[in-house]
């Protein structure tokens, strides 16, 4: 019995060194993360830590860090893979610990004792009734769970499609090293435990059976040759791979294991990525598990094959403080953010990284046009993009007039910028100056309602402007209101149409149902594909993206959007219309145009260019 | 002595290149079948007013072609759009809407080009504002009734031309230069100045490509004699004010400053794109993937269409080309066809 209270073998040192290293590293990191929060965020943390939010965060940690519920939503097999590895390992640690406490009678003891408990106590010193159906069984059960997840992880390396991923993350050398260690940990643990159990005639269905098989393979005659000499080397091997995994962990994607839990707590307390809290941004980069779920939804994966520009690569690059241009290779469509299982604020992180780069560069600010004339109830803001699609402006003025609205055109001569293009380019100071000017001007106008045709402006007005007493609507929302209040009447026509949801309007601003409702009012058949909204390729979020790539993105998106063979493609953004126009075989219209055509009794479709159609036929023929 | 009496050749297209090819082939005594989708020969020349650099009228050239084609034996099949050729052994079968209309030993394709659809550059407001027109629109107005340019009887005060609309424009998916819009703009600007001397005429250009003989001189004359203003810079957008005048926003890239300008008419100098009535030959991809124009077997030495025996190309179906170039290319295609038939 004395042995049980001071069990020790030199091999445990390897594990202990590795584990201590990880512990010290993340303790240091934790201090740094908290230290580098803004005063406001520190206050949030202090005020929330002893509230129900902590329990909610704990619940979320169990759901997401252990059970990986969000990944289950993406693909069941992928979810199972992540769950089995995380939850299975966690349960092995937990049950191993309880077992060691139960049998040793000591609560406080070196951690290695519970990790290597099976080595120190191969045969239970206590009643079989507790050991066999209890600890032995469950330890084997969870080891099997982990091993099944490992099998899926190996399949994922070679056939990721089976787990719902077309492409997986390309790993760095240090990640591969850690991955190899991780893959080895559990098979070696299985062998070590089985050898121990085989030598002692213990273990459950997995380790017991395998141990028995190993033992009988070595010695058909009982006690001829024993497993004993293999036991210690296997435990040395197990301890070595643990050491390898632990010393590489802080520098690899596996750093997310401890970091993600911290992130969940801080996020629950209301902390968000911001320039003022670099600690939280750093924590976010550590929390990326590089699972690769963000790669497939990224349209640049197809348009820029082989280029590693997706969010997981971006997060890695800022975590390792690499000086690349990767923050610019993004259309800011936020499709990746939508699927990120960790819930990282990927768009804001890119934004901040751009602002860091653009620091100090001066932007030329175009003056705001200023208004004249008396106050009207509605202020219509076309925005610079809408000025490139004059038919939208014309349609909107027809709609305003038809509805008998009291409205004023804020920027009839153009030259009004909402500031978002500058913001997206990282020039936040310039964006702010524009915002201040326009905001004051809007408020001085005395209008109650600000209607804009541009989702980019709409998002900027909603997110950055402070406009008390003024409602901001995108024109799709406004038009729907007019129809519902019977101020205008549109007729449904027999055409088949598909709706292209602009990124800035749908995912960006949450305006999702209104355009779809308008679709049903305008068209008899709606063939909008049931997919997450796509980027048209024209994005202002990617100032450096070349036109060939943009066109490839547009073609790819059009292919999906027109899969139901619609007669017309409807969008709600002048930039999307401009981008799709030259590549689309069917007409592309904005809602405003479709509604205005219905009001004025004009033909429901604009004619498409004949020569354009020939060009398409040729391209299809190639 | 070039004697092609036993050869039957078909020319598709009756614009300048097609006419030159047909005349030359007939002069070599070949049996010529001449097709065009329109009911009369001449192609786009029928809509042109004057030609550069000497500003001869298009009608003069048309009359010259008519005289020559009437004086020689050419079988004319106008109003028939040949849109498919099938190769059958050494015979080429011509089809119009899947109906066989004839056969030949060799074919010269001279289907020309189309003007870029300016509606694809919506920011200029073509098809939206009445006073935004294209260069071919202006050409028709100048030819038929220049009085249409007046507004309520008054001379136009200012007119702006925008160069490179659907030419050298990656955004429109057209990376090549149409070459002839520059000189067209210069000539049309002079035409406007002659009609309305007090009218202010401004050309917005990226750079002027006055490559042909006499072009540079015309460009200089436009500036010195006619006081036409040339501003380097792109027009970013056009809008209409309440007086139906067109408000332009542009950048003067030499002065490096933005500018606004209000004009009575905005003329878009549209580029040249492949014709929508191109002929499909078997199931060959015989056009350039990037531009959509036909590709010759060798850009230096052969006008035979790449990969196809017996089929030659002439004129702007192979890319932007001036009228003298199109005529020369029609002649050379006829010569090459004769050589091909003789040697085969």
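The values are calculated or read from the model by the stated rules, or taken from the named source; none is laboratory data. From a predicted model like this one, the values you see are computed outputs, not experimental measurements. Here Cβ is always computed from backbone atoms with ideal geometry, including for glycine, and neighbour counts include all displayed protein chains.
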Residues in region B:102-121 that are more than 22 Å from the chain's Cα centre (by Cα) and surrounded by fewer than 22 Cβ atoms within 10 Å (Cβ to Cβ) total 3
Considering region A:363-396, residues that are away from chain B (no Cβ under 11 Å) and either buried (at least 22 other Cβ atoms within 10 Å of the Cβ) or modelled with pLDDT of 90 or more (or both), and then whichever is farthest from residue B:131 (Cα to Cα), we arrive at A:377
- Query: Looking at region A:173-194, is at least one residue over 30 Å from residue A:255 (Cβ atoms), more than 24 Å from the chain's Cα centre (by Cα) and at pLDDT 90 or above?
  - Reply: yes
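Any idea how many residues of region B:143-182 are buried (at least 24 other Cβ atoms within 10 Å of the Cβ) and over 16 Å from residue B:263 (Cβ atoms)?
Step one: filter region B:143-182 for residues buried (at least 24 other Cβ atoms within 10 Å of the Cβ), giving B:159-167, B:174, B:178, B:180-182.
If we keep only those that are over 16 Å from residue B:263 (Cβ atoms) too, we end up with B:164, B:166-167, B:174, B:178, B:180-182.
Residues meeting the conditions: 8.
Residues A:545, A:534: which one is at pLDDT 95 or above and crowded, with 16+ Cβ neighbours inside 10 Å?
Working: A:545 fails: at pLDDT 95 or above.
Answer to the check: A:534.
Hey, among B:335, B:313, which residue is away from chain A (no Cβ under 14 Å), touching a helix residue (DSSP H, G or I) at 6+ places or on another chain (Cβ under 8 Å), within 17 Å of residue B:10 (Cα to Cα) and surrounded by 19 or more Cβ atoms within 10 Å (Cβ to Cβ)? Spell out the reasoning first.
Numbers: B:335 fails: surrounded by 19 or more Cβ atoms within 10 Å (Cβ to Cβ).
None of the other options fit; the residue is B:313.
Let me confirm something: among B:254, B:269, B:247, B:259, which residue is free of Cβ contacts under 8 Å to residues at least 60 places away in the same chain, more than 14 Å from every other protein chain (Cβ to nearest Cβ) and not in a helix (DSSP H, G or I)? Even if it seems obvious, please write down each step before you answer.
Numbers: B:269 fails: free of Cβ contacts under 8 Å to residues at least 60 places away in the same chain; B:247 fails: more than 14 Å from every other protein chain (Cβ to nearest Cβ); B:259 fails: more than 14 Å from every other protein chain (Cβ to nearest Cβ).
From the options B:254, B:269, B:247, B:259, the qualifying one is B:254.
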When region B:92-136 is checked residue by residue, the ones that are out of contact with any helix residue (DSSP H, G or I) (no Cβ under 9 Å at 6 or more places or on another chain), free of Cβ contacts under 8 Å to residues at least 60 places away in the same chain and within 14 Å of chain A (Cβ to nearest Cβ) are none
Taking the conditions exactly as written (surrounded by fewer than 19 Cβ atoms within 10 Å (Cβ to Cβ) and either within 17 Å of the chain's Cα centre (by Cα) or on the phi > 0 side of the Ramachandran plot (or both)), does residue B:31 satisfy them or not? no
Residue B:337 passes all but one of the listed conditions (1) in contact (Cβ under 8 Å) with a residue 60 or more places away in the chain; (2) assigned to a loop (DSSP other than H, G, I, E, B); the exception is number (2)
For region B:137-175, the count of residues that are within 14 Å of residue B:269 (Cα to Cα), out of contact with any strand residue (DSSP E or B) (no Cβ under 8 Å at 6 or more places or on another chain), assigned to a strand (DSSP E or B) and more than 14 Å from chain A (Cβ to nearest Cβ) equals 0
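Specify the residue that is surrounded by the fewest Cβ atoms within 10 Å (Cβ to Cβ); the eligible residues are those in region A:563-585 that are away from every other protein chain (no Cβ under 14 Å) and out of contact with any helix residue (DSSP H, G or I) (no Cβ under 7 Å at 6 or more places or on another chain).
Of the residues in region A:563-585, the ones away from every other protein chain (no Cβ under 14 Å) are A:563-570, A:572.
Filter once more, keeping what is out of contact with any helix residue (DSSP H, G or I) (no Cβ under 7 Å at 6 or more places or on another chain): A:563-568.
Numbers: A:563: 12, A:564: 14, A:565: 9, A:566: 22, A:567: 18, A:568: 22.
Here the answer is A:565.
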Residue B:52 vs (1) touching a helix residue (DSSP H, G or I) at 6+ places or on another chain (Cβ under 7 Å); (2) assigned to a loop (DSSP other than H, G, I, E, B); (3) over 30 Å from residue B:210 (Cβ atoms): all pass except (3)
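Quick one: in region A:398-419, which of the residues that are within 11 Å of chain B (Cβ to nearest Cβ) and touching a helix residue (DSSP H, G or I) at 6+ places or on another chain (Cβ under 9 Å) is nearest to residue B:241 (Cα to Cα)? Give the steps one after another, and end with the answer.
Going residue by residue through region A:398-419, those that are within 11 Å of chain B (Cβ to nearest Cβ) are A:409, A:411-415.
From the residues that got through so far, the ones that are touching a helix residue (DSSP H, G or I) at 6+ places or on another chain (Cβ under 9 Å) too are A:409, A:411-412, A:414-415.
Working: A:409: 12, A:411: 12, A:412: 9, A:414: 12, A:415: 15 Å.
Per the criteria, the residue is A:412.
Restrict the check to region A:458-466 and report whether at least one residue is closer than 14 Å to residue A:380 by Cβ and modelled with pLDDT of 95 or more. Break it down into steps so the answer makes sense when it comes.
To start, the set of residues in region A:458-466 that are closer than 14 Å to residue A:380 by Cβ comprises A:458, A:461.
So of that shortlist, the ones also modelled with pLDDT of 95 or more come out as A:458, A:461.
Scanning region A:458-466 turns up at least one residue that is closer than 14 Å to residue A:380 by Cβ and modelled with pLDDT of 95 or more.
One residue is enough: does region B:289-301 have a residue meeting the conditions facing chain A (nearest Cβ under 8 Å), at pLDDT below 85 and exposed (fewer than 13 other Cβ atoms within 10 Å of the Cβ)? Outline the logic, then answer.
Of region B:289-301, the ones facing chain A (nearest Cβ under 8 Å) are B:289, B:292.
Retained after the next criterion (residues that are at pLDDT below 85): B:289.
Retained after the next criterion (residues that are exposed (fewer than 13 other Cβ atoms within 10 Å of the Cβ)): B:289.
Yes, that holds for at least one residue.
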Of the residues in region B:6-16, those that are in contact with a strand residue (DSSP E or B) (Cβ under 9 Å, 6 or more places away or on another chain) and over 18 Å from residue B:310 (Cβ atoms) come to B:14, B:15
By residue number, the members of region B:272-288 that are more than 8 Å from every other protein chain (Cβ to nearest Cβ) and in a strand (DSSP E or B) are B:272, B:280, B:281
Exactly one of A:434, A:399 is more than 36 Å from the chain's Cα centre (by Cα), surrounded by 19 or more Cβ atoms within 10 Å (Cβ to Cβ) and not in a loop (DSSP other than H, G, I, E, B), and that one is A:399
Of the residues in region A:507-531 that are assigned to a loop (DSSP other than H, G, I, E, B) and out of contact with any helix residue (DSSP H, G or I) (no Cβ under 8 Å at 6 or more places or on another chain), the one that is surrounded by the most Cβ atoms within 10 Å (Cβ to Cβ) is A:527
Residue B:178 vs (1) in a loop (DSSP other than H, G, I, E, B); (2) within 14 Å of chain A (Cβ to nearest Cβ); (3) closer than 18 Å to residue B:266 by Cβ: all pass except (3)
